[in-house]
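Participant: Okay, here's the structure, questions in a sec.
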Amino acid sequence: MASFAPATHLETHEVTNQPPGFAGRNLFLTDRALREAVAREAGDWLFESCAVLGAVVGSAEVLALGEAANRHAPELATFDRYGRRLDEVRFHPAYHQLMTLAMRHRIHDIAWSEARPGRHLAHAALLALFTQAEAGTMCPVNMTYASVAALSHGGEAAEALRAKLIGGQYDAPLRPIADKAGVTVGMAMTEKQGGSDVRANTTLARASNEGAGTYRLTGHKWFCSAPMSDAFLTLAQTRNGLSCFLLPRITPDGARNGFRLMRLKDKLGNRSNASAEVEYHEAYAVLIGEEGRGVATIIDMVHHTRLGTMAATLGLMRMGLARALHHVDHRRAFGRLLSEQPAMQAVVADLALEYEAAVLLTTRVAMAFDADDGEGRGFARLAVALGKFWLTKRNPNFIYECMECLGGAGYIEESPLPRLFRESPLNAIWEGSGNVIALDILRTLGREPAALALYRAELAMAKGGNPHLDAAVAGLEPLLAGADEVGARSVAERLALLLQGALMVRHAPARLADAFCATRLAGEGGRVFGTLPKGVDIAAILARQHG
């Protein structure tokens, strides 16, 4: 029998008609909509910070870290090899590198360490940029940012934590808070029997004699994200009702707290970030705020996390759109670049229009968080609920359409689009799902007339700028007059779209604002992206994506 040497070289074709690598770009400077919004609202101080981070997160190194952190999921280490309880989560080194980078760029504390206008926009813009490289790490970073608002209700323990948080750097190992270079703070509220209905919680808090305001907690939490945080804000029942507590992983005397990790959640997305079911076994905790006022205390943290869900959604949208643009600008089919074909131009232009409006809404909501008066804070509560509801609901279909722009190349796991798609429903579910948010909006409208007055004032600033917007605003009062729980989502959707329309009229080029109002408010667009009516200036929309 004849023998054949194995072939050492088989070359059947040359690879052509494929886009070049994506990495090596500044994700801020190439984003005209966000660039203009930051410059308009906050000026040079924030623009420079965003430009620096934009270059970092657009680098090949950091994009690769994002891929690695999600490919190698966190692992639960319940015991050490001798049988002693550890209750730790082990992460891939890429996760720790990303956390170090995020906190070095002050995403967790810039809103609290700066006194300049736009400080909360700084948090949102930097978080949106970082999300483009990796979303999971932004969960602990955003919760750490948001915790500062709730910690303002606390005493010495809360102040000690704030002192480590603001100005702190990432310091992963579990140690007493006093010994750390910086801390991260999580939140644990929901339980099996109640979920969003936290008043059904059964975790019990027993007063302790270990110092003023100290308690021991016994119970469970069904969903605790970032369980390796240094401390958690959590809810438990006292004799006076549901109360808010600060629970450290390591007690002040250096012992591991009675915080047991039962299992890690096997999630659809957000793979780099651990989420766990936990039990409290006589866990040491300190009261934050007053007994029986737990929801009122922790709601400040929830309110601020919602800004982060908007910003993270914006980041996912931008990365999906940027990948789609990159592909269609370099891929040829049927004798032309995809970006030269009218059907594809309509799809990408419609996606770009959606993103432009999302930037303006997120920016305006973030600026509302700077308010230090009751009326301004009421508007912020209303606006962030509107923004969270609408942007997160739009996001999955938005990302899917970006994926389809790449065709089959966008569906395989070597592409970042599947990871973006798995991430896309998350922010609609966390920190208040759609119905919870819509009902919150109704309550705010009913209880805080000043918030509604400020909302109306926002719309009034765009009056006369577009006939479709003016006609839609005229229908607002009948909608509000008939608002009930059945129609809560309709109210949330319409109020969000009207606010986006007003912001587009005020801040976007006229051709973009007119296209948005015609398609989103006057019904001239279709139900899928890319169904733009005749007369929309597609070229003007797309030109902003290349300048």
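The values are calculated or read from the model by the stated rules, or taken from the named source; none is laboratory data. Fair warning: this is a prediction, and the values are worked out from it, not measured in the lab. When we count neighbours, we look across all protein chains shown, and the Cβ atoms used for this are built from the backbone with ideal geometry, even at glycine. Keep in mind that these areas ignore ligands, DNA and RNA; they rest on the heavy atoms of the full protein, side chains included. Shrake-Rupley method; radii C 1.70, N 1.55, O 1.52, S 1.80 Å.
Participant: In this model, which of K180/K388; K164/K393; K267/K393 are farther than 29 Å apart at the alpha-carbon?
Facilitator: Among K180/K388; K164/K393; K267/K393, the Cα-Cα distance tops 29 Å for K180/K388; K164/K393.
Participant: Can you give me the pair-distance distribution of segment 254-389, C-alpha pairs, 5 Å bins, whole percents?
Facilitator: Cα pair-distance distribution for segment 254-389, in percent: 2, 8, 11, 12, 12, 13, 12, 11, 7, 5, 3, 3, 2, 0, 0.
Participant: In whole percent, and with a 1.4 Å probe on the protein chains, what portion of the accessible area of segment 90-203 is carbon and sulfur?
Facilitator: Carbon with sulfur: 52 percent of the solvent-accessible area.
Participant: Calculate, for segment 439-545, the solvent-accessible area per residue in square angstrom, rolling a 1.4 angstrom probe over the heavy atoms of the protein chains.
Facilitator: Ligands and nucleic acids excluded, the figure is 47 Å² per residue.
Participant: In segment 1-108, which trypsin sites (Lys or Arg not before Pro) fall in coil by DSSP and have 11 or fewer other Cβ atoms within 10 Å?
Facilitator: R81, R84
Participant: Run the dipole for the chain about the Cα centre, Lys and Arg Cβ at +1, Asp and Glu Cβ at -1, nothing else charged, and hand back the magnitude in debye, nearest 20.
Facilitator: It comes to approximately 420 debye.
Participant: Write out the GluC sites (Glu not before Pro) in segment 355-433 meeting two conditions: DSSP loop, and at most 16 other Cβ atoms within 10 Å of their Cβ.
Facilitator: Answer in residue order: E413, E414.
Participant: Which FRET efficiency value, to the nearest 0.05, is calculated for I299 and F47 with the Förster distance at 25 angstrom and r the Cβ-Cβ distance?
Facilitator: E between I299 and F47, to the nearest 0.05, is 0.15.
Participant: Moving on to the next point. Using the Karplus curve 6.51 cos²θ - 1.76 cosθ + 1.60 with θ = phi - 60°, what ³J(HN,Hα) values do you get for each residue of segment 155-161, in whole Hz, with x for Gly and Pro?
Facilitator: Computed from phi, the couplings for segment 155-161 are x, 4, 5, 5, 5, 5, 5 Hz.
Participant: Work out, step by step, the length gained on full extension between A539 and A343: first 0.36 nm times the residue separation, then minus their alpha carbon distance; give nm to one decimal.
Facilitator: Taking 0.36 nm per residue and subtracting the Cα distance, the gain is 69.3 nm.
Participant: Testing the spin-label approximation: label points 7 Å from Cα along Cα→Cβ at T214 and S490. State their distance in nm.
Facilitator: If labels sit at T214 and S490, their model points lie 5.6 nm apart.
Participant: Between Q193 and K463, what FRET efficiency follows from the Cβ-Cβ distance if R0 is 51 Å, with the result rounded to 0.05?
Facilitator: Given R0 = 51 Å and the Cβ-Cβ separation, E is 0.55.
Participant: While we're on this one: May I ask you to give the percent of accessible area on segment 223-350 that is carbon plus sulfur, with a probe radius of 1.4 Å?
Facilitator: Looking at segment 223-350 in its full context, I get 49 percent from C and S.
Participant: Okay, helix-only estimate at 222 nm for the chain: each DSSP H run of n ≥ 4 adds -39500 (n - 2.57), divide by all residues, round to 500 deg cm²/dmol; what do you get?
Facilitator: -15500 deg cm²/dmol
Participant: Can you compute the FRET efficiency between R81 and Q169 using 1/(1 + (r/R0)^6), with r the Cβ-Cβ distance and R0 = 30 Å? Round to the nearest 0.05.
Facilitator: Here the calculated transfer efficiency is 0.45.
Participant: Whole-Hz Karplus ³J(HN,Hα) for segment 234-239, in order, using 6.51 cos²θ - 1.76 cosθ + 1.60 and θ = phi - 60°, x for Gly and Pro?
Facilitator: After applying 6.51 cos²θ - 1.76 cosθ + 1.60, I find 9, 10, 8, 8, 10, 4 Hz.
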